[in-house]
Amino acid sequence: MEITPFIIALILMTIGLVGIIIPGLPDLVFIFLGVLLYGFWTNFETINLTFLLIFLALTIFGYFFDWLGTILGAKKNKATNFGIIGALLGGILGIFWGGILGMILFTLAGTIIFEIIFAQKNLEDSIKAGMGSVLGMTLGIILKFVLAGIMIGLFLAHIF
């Protein structure tokens, strides 16, 4: 094992883990890039195409379920499509205005506002839909942590 690509891969993976918590930083993509860089640097002696494709699939899976979690959480609490759009837009805006706390609050607010204005729901039902959005988003973040742990564990097990 070469130490330089290993250290660079670990740095990228650490940034990826931090990115799960701090919106705006890449997360699973950096973990994937760490493995890809290690593979390139070592001429794919340890890391092969099949291994990279598994990591790519896990990365895509993580992003898909991150957004799906928000949608399903909102739907479970009877959010309309308007509420889901509000949740997604709120989450994106919240990233830029307050990091993780902004993302949570704007997801909640986006769902509530869109439910009240566009779906013409009452405040109580709109708040329930908003809480479902936040719960789903939280479960998506937890899933990304689990996937990140699996990816890093597979990488370390594969090279040692």
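Within region 55-85, being buried (at least 21 other Cβ atoms within 10 Å of the Cβ) and either closer than 17 Å to Leu25 by Cβ or touching a Pro at 6+ places or on another chain (Cβ under 8 Å) (or both) holds for Thr59, Gly62, Asp66.
Where helices (runs of 4 or more DSSP H) sit wholly within region 51-160, those with at least 1 residues that are hydroxyl-bearing (Ser, Thr, Tyr) occupy 99-117, 123-159. Taken together, Leu123, Leu135, Leu88 contain a single residue that is under 17 Å from the mean Cα position of the chain (by Cα) and surrounded by fewer than 20 Cβ atoms within 10 Å (Cβ to Cβ), which is Leu135. Of a type outside the set (Phe, Trp, Tyr) and touching a Ser or Thr at 6+ places or on another chain (Cβ under 6 Å): does that describe Gly149? Criteria not met by Gly149.
Scanning region 103-126 for residues that are more than 14 Å from Asn77 (Cβ to Cβ) and touching a residue at least 40 places away in the same chain (Cβ under 8 Å) returns a single hit, Met103. Can you find a residue in region 13-23 that is closer than 30 Å to Glu124 by Cα, in contact with a Gly (Cβ under 7 Å, 6 or more places away or on another chain) and not β-branched (Val, Ile, Thr)? So far as region 13-23 goes, yes, one or more of its residues are closer than 30 Å to Glu124 by Cα, in contact with a Gly (Cβ under 7 Å, 6 or more places away or on another chain) and not β-branched (Val, Ile, Thr). Based on this model, can you work out whether Thr46 counts as of a type outside the set (D, E, K, R) and either free of Cβ contacts under 8 Å to residues at least 24 places away in the same chain or not in a helix (DSSP H, G or I) (or both)? Against the criterion (of a type outside the set (D, E, K, R) and either free of Cβ contacts under 8 Å to residues at least 24 places away in the same chain or not in a helix (DSSP H, G or I) (or both)), Thr46 qualifies. Of the conditions (1) surrounded by 14 or more Cβ atoms within 10 Å (Cβ to Cβ); (2) in contact (Cβ under 8 Å) with a residue 12 or more places away in the chain, Gly19 fails just one. Which one is it? Of (1) surrounded by 14 or more Cβ atoms within 10 Å (Cβ to Cβ); (2) in contact (Cβ under 8 Å) with a residue 12 or more places away in the chain, only one is false for Gly19: (2).
The numbers here are math on the coordinates, done by the rules we state, and not lab data. From a predicted model like this one, the values you see are computed outputs, not experimental measurements. Note: ideal-geometry Cβ built from the backbone for every residue, glycine included; neighbour counts use all protein chains shown.
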